[in-house]
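To start, the structure under review is shown below, and the notes come after it.
No value in this document is a laboratory result; all are computed from the given coordinates. As the structure is a computational prediction, the values presented were derived from the model and not from experiment. Cβ placement follows ideal geometry from the backbone for every residue including glycine, while neighbour counts extend to all protein chains displayed.
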Amino acid sequence: MMKKFLLLAINAILLLTGTIICNGQTPAIGRSWKFVATQMPDSWYGSAESKAVAENVLLYQRDAGGWPKNIAMHKPLTEVEKVLSQMKKEPMMQF
């Protein structure tokens with residue numbers, strides 16, 4: 001009983017500070033892009049969150065293969081942000 005209470009208390013503290021323990025996975029939100037890109041635990045890969053991050057990475061990738069700098073690609077995107085990112089990828093018509 002005490003162990004459950006202690007675990008609940010720790011999770012509550014982590015939730016309030018922006019970190020959540022969920023099925024043994026480390027959430028990407030609240031972390032730097034560098035951490036997410038290089039240090040996430042193996043258990044995180046294949047999760048719904050990791051798939052959403054991968055979709056964002058592909059959205060940000062330019063037609064030439066590169067990515068913009070100083071972008072937190074792991075942050076959730078609104079539909080408007082997704083459209084704007086896609087518009088930046090597509091070449092502008094030249095007249």
Exposure proxy check: Val36, Val83, Val57 ranked by fewest other beta carbons within 10 Å? Val83, Val57, Val36
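Would you mind classifying region 20-88 by shape? Square roots of the alpha carbon gyration tensor eigenvalues, ordered a ≥ b ≥ c; an a/c under 1.5 is rounded, otherwise it is prolate if a/b is larger than b/c and oblate if not.
Values: a/c = 2.22, a/b = 1.83, b/c = 1.21.
Taking the square roots of the gyration eigenvalues as a ≥ b ≥ c, region 20-88 is prolate.
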Starting from region 35-76, pick out the trypsin sites (Lys or Arg not before Pro) whose DSSP state is loop and whose Cβ has at most 13 other Cβ atoms within 10 Å. Arg62, Lys69
